[in-house]
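Bear in mind that the values in this text are calculations on the coordinates, not laboratory data. All figures in this text were calculated on a predicted structure; none of them were measured in a lab. Note that we place each Cβ from the backbone using ideal geometry, even for glycine, and neighbour counts take in every protein chain shown.
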Amino acid sequence: MELREVIGRRRSIRFVRPYQPVERHKIQRMLEAARIASHWGNVQSLKAVVVEKETAPAEIIDALYAPIAGWQIRVAPVVIVWYLDTAMVDDQSNRLRELLEAGALGFGEGKRDALENQLIPIFDAINESLKQPGLGEVDCGQGIAQATLMAYEQGLGTCCLGTPNTDQIRERLGLAETCRVLLLQTVGYPMESPEAGGQRPRQPFEELFQLNGASESFPRDPAVVEELEGDGMFTTPAPLAWREAELEFLKGALDLKGHGLV
Ligand SMILES: Cc1cc2nc3c(=O)[nH]c(=O)nc-3n(C[C@H](O)[C@H](O)[C@H](O)COP(=O)(O)O)c2cc1C
């Protein structure tokens with residue numbers, strides 16, 4: 001499948017098969033994809049604990065349950081707890097030195113001196129502010145996105161879930177205080193159809209993107225839209241006609257109660 005089609009067809013999959021474990025090699029590929037994602041200064045603050053329902057102690061699994069959409073956590077055979085370790089920022093200077101030696105940062109004869117005497121002191125001076133929520137989270141998002149695409153490529157479905165229980169999860173998993181739990185990603189083999197109801201609604205392009213300032217929308221060329229439709233990046237908008245019937249079927253098959261929201 002071409003990249004454009006993958007971008008268009010990957011959906012958050014909430015309904016996965018509770019009875020089918022996910023092979024570790026597939027999870028490993030997701031983690032490998034996350035590891036090579038870009039990160040400012042090559043700091044790599046994105047880390048994860050993989051919680052396997054089959055092998056994890058009950059107190060670890062219990063710590064993950066959330067009051068909102070907790071059934072997804074209950075159903076999924078694997079939950080990846082993605083977290084950001086701010087302590088990685090403390091080794092920032094060495095990451096910059098590695099980048100320089102790798103030929104990925106700087107050029108010219110004086111580059112080593114400039115790194116030691118100019119760039120590293122700038123980063124050292126703002127070390128603590130770089131640990132605050134912001135750029136690091138963006139980088140973690142890139143890594144999680146790569147892992148998500150790798151999951152899709154391997155026939156898996158995933159859904160990212162925010163959680164209010166970040167402190168409890170951090171403590172129960174034994175993570176250091178320097179760590180911020182970002183989100184839980186459920187992983188499993190999809191029970192719902194790959195369309196998962198169709199393309200989920202999105203805000204209008206013109207409202208989201210601007211050109212040369214906030215007042216002018218970035219011009220959306222219909223020819224490009226048509227091309228992307230042809231490439232399969234844009235698919236049928238949700239809801240597909242049979243989505244409600246599919247949801248009813250899934251609710252019954254998974255013995256889910258209530259409305260699936262809270
Ligand atoms: C960072 C992130 C956090 C999310 N948190 C939740 C959540 O807490 N609960 C939930 O039901 N869905 C959550 N989602 C899933 C979104 O609701 C989902 O992406 C959205 O419905 C659009 O569907 P799509 O991903 O298939 O396009 C989250 C998604 C992302 C990327």
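Counting other Cβ atoms within 10 Å, which GluC sites (Glu not before Pro) in segment 185-255 have at most 10 and lie in a DSSP loop? All intermediate terms of the calculation are to be shown ahead of the outcome.
Values: sites: E192, E195, E206, E207, E216, E226, E227, E229, E244, E246, E248; in loops: E192, E195, E216.
Loop-located and lightly packed - E216.
If exposed means no more than 11 neighbouring beta carbons inside 10 Å and the site is in a DSSP loop, what's the longest run of the chain without any exposed chymotrypsin sites (Phe, Trp or Tyr not before Pro)? If you can, show how the numbers build up before the last one.
Numbers: sites that count: Y19, F107, F209.
Result, exposed sites excluded: 108-208.
What dipole magnitude, in Debye to the nearest 20, does segment 90-216 give about its Cα centre under +1 on Lys/Arg Cβ and -1 on Asp/Glu Cβ?
260 debye
Could you work out the relative contact order of the chain, using alpha carbon pairs under 8 angstrom and six or more residues apart, expressed as a whole percent?
Details: 363 pairs, mean separation 82.9, N = 262.
With pairs under 8 Å counted, the relative contact order is 32 percent.
Report the local net charge at L250: Lys and Arg +1, Asp and Glu -1, summed over other residues whose C-beta lies under 9 Å from its C-beta. Working shown, then result.
Numbers: positive: R14, K251; negative: E192, E246, E248.
It works out to a net charge of -1.
Using a Gaussian network for the chain with springs between C-alpha atoms less than 10 Å apart, which of these wobbles most: V187, V43, V225?
Maximum among the listed residues: V225.
Roughly speaking, what is the stretch gain from R112 to F218, that is 0.36 nm per residue apart minus the C-alpha to C-alpha distance, in nm to one decimal?
Numbers: separation 106, 0.36 × 106 = 38.16 nm, distance 4.06 nm.
Taking R112 through F218 to full extension adds about 34.1 nm, to one decimal.
Looking only at G174, G41, G232, which one moves most when the chain is put into a Gaussian network model with springs between Cα atoms under 10 Å?
Per the Cα network of the chain with a 10 Å cutoff, G174 tops the list.
Report, ordered by chain and residue number, the aspartates and glutamates lying within cross-link reach of K26, taken as a straight Cα distance under 15 Å and ignoring same-chain residues fewer than 8 apart.
Partners found: E52, E153.
Relative contact order for segment 99-220 using alpha-carbon pairs under 8 Å, separation at least 6, rounded to a whole percent? Each step should come with its number before you reach the end.
On the way: 63 pairs, mean separation 18.0, N = 122.
With pairs under 8 Å counted, the relative contact order is 15 percent.
Given only helices, namely DSSP H runs of n ≥ 4 each adding -39500 (n - 2.57), what is the per-residue ellipticity at 222 nm of the chain, to the nearest 500 deg cm²/dmol? Intermediate values should be presented prior to the final figure.
Working: 12 runs with 103 residues, N = 262.
Using -39500 (n - 2.57) per qualifying helix, the result is -11000 deg cm²/dmol.
Classify the chain: rounded, prolate or oblate, from the alpha-carbon gyration tensor (a ≥ b ≥ c, eigenvalue square roots; a/c under 1.5 rounded; otherwise prolate if a/b is larger than b/c)? Please report the intermediate quantities before stating the final value.
Numbers: a/c = 2.16, a/b = 1.31, b/c = 1.64.
It comes out oblate by the Cα gyration axes.
Can you tell me the relative contact order of segment 33-103? Whole percent, Cα pairs under 8 Å, sequence separation 6 or more. Provide the component values of the computation, followed by the final result.
Working: 60 pairs, mean separation 32.2, N = 71.
With pairs under 8 Å counted, the relative contact order is 45 percent.
Taking R0 as 30 Å, what FRET efficiency do you get between L228 and I68 from their Cβ-Cβ distance, rounded to the nearest 0.05?
Working: r = 33 Å, r/R0 = 1.11.
Using R0 = 30 Å, I get an efficiency of 0.35.
Would you list, by chain and number, the lysines whose Cα falls below 25 Å from the Cα of K257, excluding same-chain residues fewer than 8 positions away?
Answer for K257, where 25 Å is the Cα cut-off: K53, listed by chain and number.
To the nearest 20 debye, what is the magnitude of the charge dipole of the chain about its Cα centre, counting +1 on the Cβ of each Lys and Arg and -1 on the Cβ of each Asp and Glu?
Details: 27 positive and 38 negative charges, 155 e Å.
Using only the charged Cβ atoms, the result is roughly 740 debye.
Please identify, among A176, A238, A114, the residue showing maximal mean-square fluctuation in a Gaussian network model of the chain using a 10 angstrom Cα cutoff.
Sorting by GNM fluctuation, first place goes to A114.
Can you tell me how much longer the chain between E2 and D167 gets when fully stretched, taken as 0.36 nm per residue apart minus their C-alpha distance, in nm with one decimal? Working shown, then result.
Details: separation 165, 0.36 × 165 = 59.40 nm, distance 4.02 nm.
So the extension gain works out to 55.4 nm.
Taking the alpha-carbon distance from K251 and a cut-off under 15 Å, which aspartates and glutamates remain once sequence neighbours fewer than 8 residues away in the same chain are dropped?
Filter leaves E192.
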